[in-house]
Amino acid sequence: MITAKTRALLAFVAQHEPIRAFDAFSRFDGAGEHETTFAHRLNHLGDRGLLVNTGKTGRAVWSTTALARRQLMQMPPPGADAIVPPRQVNVMNTPVYQPAPATHYRAGAFDFAACPSLTAGGPTPFTGATS
């Protein structure tokens with residue numbers, strides 16, 4: 001898996017190859033890391049076979065390999081892997097949920113309504129559900 005930053009670095013090196021490590025560090029937009037860390041990143045890409053060091057000893061000059069160019073061609077364009085924002089529901093303008101009315105009840109389901117309740121010691125007739 002190649003990250004977006006690695007993809008951008010490979011595309012930068014492919015566009016400016018061959019490029020010295022120091023030039024890549026100073027001109028690569030979005031490096032935002034220490035020079036040593038950037039050099040380790042280039043070396044890691046070299047170990048993975050995506051970059052090749054064509055410079056002499058002590059002078060790192062990097063170029064992309066055929067594998068890197070092939071992977072750059074197969075990758076989706078930047079932003080294609082962007083995360084989809086979560087669904088937003090406008091709760092102020094949506095109708096209030098009303099469940100479907102029950103159409104059938106078992107026989108004797110409302111027999112309790114015929115029995116008066118006792119409130120404060122006296123009978124209270126059933127007046128229906130309160131809301």
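For the stretch 4-19, backbone nitrogen atoms closer than 18 Å to the point 7 Å from T37 Cα along Cα-to-C-beta are found at 4-10.
The calculated P(r) of the stretch 4-74, using every Cα pair and 5 Å bins from 0, goes 3, 18, 32, 29, 14, 4, 0 in percent. A Förster distance of 22 Å, applied to the separation of the beta-carbon atoms of R59 and A8, puts the FRET efficiency at 0.35.
Throughout, read-outs are computed from the coordinates displayed, never taken from laboratory work. Treat the numbers as computed from the prediction; the structure is a model and nothing was measured. Cβ coordinates were reconstructed from backbone atoms using ideal geometry, including for glycine residues, and neighbour counts include every protein chain displayed.
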